[in-house]
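> Okay, handing you the structure first.
The values are calculated or read from the model by the stated rules, or taken from the named source; none is laboratory data. If you're wondering where the values come from, they're calculated on a predicted model, not measured in any experiment. So basically every Cβ, Gly included, is an ideal-geometry build from the backbone, and we count neighbours across all protein chains shown. All accessible areas refer to the heavy atoms of the entire protein, side chains included, with ligands and DNA or RNA removed. Shrake-Rupley method; radii C 1.70, N 1.55, O 1.52, S 1.80 Å.
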Amino acid sequence: MPFLLLALLFAVFSPSPPAQALPALEKASVEASVDALLARMTLTEKIGQLNFPSLAFPPDEQLEQVRKGRIGAMLNVANRKHIDAFSEAARSSRLGIPLLFGIDAVYSFRTTFPPPIAWAATWRPKLAEAATEAIARETSAIGVNLTFAPMIDVSRDPRWGRVIEGAGEDAFLGAAFAAARVRGYRKGGLATAAKHFVGYGAPEGGRDYNGAQISVSELHDRYLPPFKAAIDAGTDTVMASFNTVNGVPVTANRPLINDLLKNAIGFRGIVMSDFAAISELINHGVAADLAEAARKAILAGIDLDMEGKAYDKNLEAEVAAGRVPVSAVDEAVRRILRVKFNLGLFDKSREPALAEIDEASVRKTAREVARESFVLLKNDAAALPIGTDTRAIALIGSAALSVNDHSWYGPAGYQKPETETLLAALRKRMKPGQQLRYAKGFADDCGRAFGDKDDALAAARRADLVILAVSEDCDVSGEGASRTDLGLSGAQQEMLEALVETGRPVALVVETGRPLTLGYAEKNAVAILIAWHPGTEGRTALAEVLTGEIAPSGKLPMTFPRSVGQIPIAYNPLPTSRPSTGNRYTTGYLDEDVTPLYPFGHGLSYTSFSYSNLAVSSPRMTPDASIEASVTLENTGTRAGSEVVQLYTRQLVASHSRPMRELKGFEKVSLAAGEKKTVRFRLAASDLAFHDDHGRAVVEPGPFKLFVGGSSTADLSAPFEITAK
Ligand code: BGC
C-alpha cells in the first residue's frame, strides 16, 4: 500500500524523464501493488480496466468515462493534446489508474521504415531491433505507450495481404525476428502486442479473416515458435486473432488462450482481443448476442476488449447473474494492472517532445534496413549495377517519382519527413558522360493506368539499359488485401512487355509487400530487384544499390511461386510417396513445374560466393548433446559483399514424415573480394525436436542430413545421426 501511494504521488509530480527502456519492477513488489489496488476496486472499476475503445470525436463523453474509471485503455490516440487530456482524466479518477494508449506503429510513426517482410529479408534480427527501437522512440515521444506489433504470423500464402507485416514463411526465422522486434520496441519505450495469436496467417484460400485448419503438431512446429520467442523476449501483451482455428474463433477459444497460451506456455501479460472481435463472435455464429459474446470471450481468457463494447455493456450483469465468476474478471484486471506497473506507468507522466528525437539517426537506421533488404533475384551478365561505361540509361515508371511510402501511421497533423525520389537519387549519381532519360509512363504512382506510354518506349529505344521501376498498387497490401492474382498490378505488366519488345535490356525494380508471380520477368528481364516498399530512405538506398555503391545482400523470407495455383508453397513441405521426377505419376502439376520460381533464402549479390569444407564435429550425438557444423565461405568475385549462410536439416527417418528441409541456423557474413571465412553453427539435438499429435516435443533418434549454402536449395550436405542415450 505505501508503495502504491508513493507511486501515485510520483505520477502527479514527476518531471519529464527521457524515453528509456521499460523498467521491470521487482516481481514481488509488482504483485503486491496489483493485489493492493485490486482490493480497492469496485466491480464497475474492474470492468472499466477491461474496456479498450477507440478515440471518439468529440472525446468529452469518453473523458467523463475515464474519470469514472470505466475505461482502462484507449486506441488510436495519436496526438499529444488528447493523450495529455486523457491522462489527466485518468489521474483524476477515484483510483488514478493510468491508461494504456495503443496504436499500430508496425513499421512507421513519423519516419517510414521498410515493412517487416523487408526486415526479414535482411536476415539480420539486430537491424529489426534497431528499427523497432527507433520507431518506438518516435512513437513514445508523444505519450503512446503500447504498439500493436510485432505481427509475427507465419504465412505460406502470399495471397494473404498481411504477409507484408510479418517475417514470412518460416518459424525459425520468424522466431528470431519476433524476439528482436519485441526487444527493440521495449528498448524504445513501448509495450508490445505480439499478434495475432494464432494461425491468422493460414486462412483458407489466403482470404483475410477466413478460418484456418491446423493440426496440433503444425500448430506447435510452425505457428507457435514466434509467439514463444516474443514471450521469452518479454512481450507485454498478446493479441488474439480474428479467425477460427479448427472451427472455433480464437476470441472464444479457451483451449488456445487460457489453456495453451496462459497455462501451458505461461504467458502472464495481457491478452487483448483484436478490433471489435468480441462482438464479431456473433457473426462467427458462436454467440447469440453481445452478452454471450462477452461471456465466451472472458471465459476463454481475453482480458481486454478492443472496441467490442461487449465487456463494458454486459459483464456486470453476467457477473450478477452468476454466469461469469468475479474471479475471471479479477484475473483479467490483475494482468492489466501488472502490465501497467511493469511499464512504469504509475511512475511517470510525460515523455520528451517529438522535437527531441534525433531524426538523422532514425533515418540512418531506416537507410541501413532498406539497403540490406533488397533482394536481387536475377542478374544476367552482371546487368546491374549500372556500369560506368553504360552511357544511356532510361528510367521508366511513375514509381521513380513517387514518395508514397505505404506508411501505416503518423501522429495527427504531422508533416511527412522529406523523402528523395528514385529519379532524384539516381540523377545525383550519374557519372560524366552518362545520360539518364526519364519517362513516367503511367498516370499514377502505382501504375494503375498508362500515362504517356509512347514516351516511355521512345526513351527505352535510345537506351543501353532500361530500368523499369514499378510499385505494387498502394491498396493491394496489408489488412483486407487478399488477392487471387499475384501478377504486377495495373498496367505495369503490359509496360514491361512493351519495353522488352524494344529489344533493349530491361532491369525490373519492384516495390512490393508480398511475393509476386514474375515468370515473364524471369524469362525476359535481364535483372530483377525486389525493393519491397522501401520507406522514407528507401529510394536513396535503391539508387545506391542500382549504381553499385552498395551491393545487394537480401535473401527471400518467402518463396516466390511460379503461379498462384502452386500456393500454399514453401521451402519445407513434407516428402510424398512419389518424389517428383517429371513422370506423371509422381507429385507435381500437369501444367506447371513443381519448383518455385525463386526459393526461400535466395538472393544474389554483385559478387559471388563459394562454399567448401563442410564438416560436422561428430557424426553422432545423443538427445542431450550438440554438434558443430563448419563451412568455409569464400568471396570468389571481384568486389566486397555480404552473404547469408544458411543451415538446414532433414530428419530422414522418424515416426512422422519430417519436412524436406528445416532452417536451423543463419549468419550474414561480409567479405572483401577473395576473402575466406569459416562459419560455425552449434546444433543441439533439442533443436531438432518436433511436436507429436498431443503437442509434446520429442527428439527422435535417427539419421539426419544437414545442408549449408546460400539458399534453401543448398546442396552441400553432411550426414549425422541422433542416437538413443
Ligand atoms: C488488425 C490489428 C490491428 C487493429 C487495431 C485490426 O483490424 O487486425 O492488427 O492492430 O485492427 O488497429
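> If you take the residues in the range 427-482 that are more than 16 Å from the ligand (Cβ to nearest atom) and of a type in the set (Asp, Glu), which one is surrounded by the fewest Cβ atoms within 10 Å (Cβ to Cβ)?
Only one residue fits best here, namely ASP454.
> Right, next: Pick out the one residue from ASP232, ASP221, ASP259, ASP208 that is at pLDDT 95 or above and touching a Lys or Arg at 6+ places or on another chain (Cβ under 9 Å).
ASP208
> Further, regarding this structure: Can you tell me which residues in the range 564-579 are within 21 Å of GLY519 (Cα to Cα) and assigned to a loop (DSSP other than H, G, I, E, B)?
Taking the range 564-579 and keeping what is within 21 Å of GLY519 (Cα to Cα), we get 564-571.
Scanning the range 564-579 gives ILE567, PRO568, ILE569, ALA570, TYR571.
> Tell me, please, whether a residue that is assigned to a loop (DSSP other than H, G, I, E, B) and either within 16 Å of the ligand (Cβ to nearest atom) or of a type in the set (D, E, K, R) (or both) can be found in the range 119-130.
Within the range 119-130, one or more residues are assigned to a loop (DSSP other than H, G, I, E, B) and either within 16 Å of the ligand (Cβ to nearest atom) or of a type in the set (D, E, K, R) (or both).
> Could you run through the range 168-201 and say how many residues are within 15 Å of the ligand (Cβ to nearest atom) and assigned to a loop (DSSP other than H, G, I, E, B)?
Adding up the residues that qualify gives 5.
> In addition: Do we have any residue at all in the range 573-587 that's outside the structural domain of GLN646 (by TED's automatic domain parsing) and over 27 Å from VAL653 (Cα atoms)?
No, the range 573-587 contains no residue that is outside the structural domain of GLN646 (by TED's automatic domain parsing) and over 27 Å from VAL653 (Cα atoms).
> Hey, any hits in the range 222-236 for a residue that's without any contact (Cβ under 8 Å) to a residue 24 or more places away in the chain and open to solvent by 40 Å² or more (accessible area, probe 1.4 Å)?
As a first pass, look at the range 222-236 and keep what is without any contact (Cβ under 8 Å) to a residue 24 or more places away in the chain: none.
Checking the range 222-236: not a single residue is without any contact (Cβ under 8 Å) to a residue 24 or more places away in the chain and open to solvent by 40 Å² or more (accessible area, probe 1.4 Å).
> Quick one: how many residues across the range 563-588 are surrounded by 14 or more Cβ atoms within 10 Å (Cβ to Cβ) and in contact (Cβ under 8 Å) with a residue 24 or more places away in the chain?
10
> Filter the range 246-275 down to residues that are polar (S, T, N, Q) and buried (at least 18 other Cβ atoms within 10 Å of the Cβ) and give me whichever is nearest to the ligand (Cβ to nearest atom).
Here the residue is SER273.
> If you scan the range 131-167, which residues turn out to be in a helix (DSSP H, G or I), more than 16 Å from the ligand (Cβ to nearest atom) and of a type outside the set (Gly, Ala, Ser)?
If we filter the range 131-167 for residues that are in a helix (DSSP H, G or I), which is where we start, we get 131-140, 161-165.
If we keep only those that are more than 16 Å from the ligand (Cβ to nearest atom) too, we end up with 131, 133-134, 137-138, 140.
Result: GLU133, ARG137, GLU138.
> Taking the condition open to solvent by 40 Å² or more (accessible area, probe 1.4 Å) and over 21 Å from GLY211 (Cβ atoms), does ASN283 pass?
For ASN283, the condition - open to solvent by 40 Å² or more (accessible area, probe 1.4 Å) and over 21 Å from GLY211 (Cβ atoms) - is not met.
> Continuing with this model, one more query. Is there a residue being among the acidic types (Asp, Glu), within 30 Å of LEU376 (Cα to Cα), in contact with a Gly (Cβ under 9 Å, 6 or more places away or on another chain) and not in a strand (DSSP E or B) anywhere in the range 652-675?
Scanning the range 652-675 turns up no residue that is among the acidic types (Asp, Glu), within 30 Å of LEU376 (Cα to Cα), in contact with a Gly (Cβ under 9 Å, 6 or more places away or on another chain) and not in a strand (DSSP E or B).
> Tell me yes or no: at least one residue of the range 589-612 is charged (D, E, K, R), touching a residue at least 24 places away in the same chain (Cβ under 8 Å) and in contact with an Asp or Glu (Cβ under 7 Å, 6 or more places away or on another chain).
no
> Note down all Cβ pairs under 6 Å where the first residue falls in the range 193-207 and is open to solvent by less than 10 Å² (accessible area, probe 1.4 Å), the second is within 14 Å of the ligand (Cβ to nearest atom) and not in a loop (DSSP other than H, G, I, E, B), and they're at least six residues apart or on different chains.
ALA193/THR237; ALA193/MET239; ALA194/VAL238; LYS195/MET151; LYS195/MET239; HIS196/MET239; PHE197/VAL238; PHE197/ALA240
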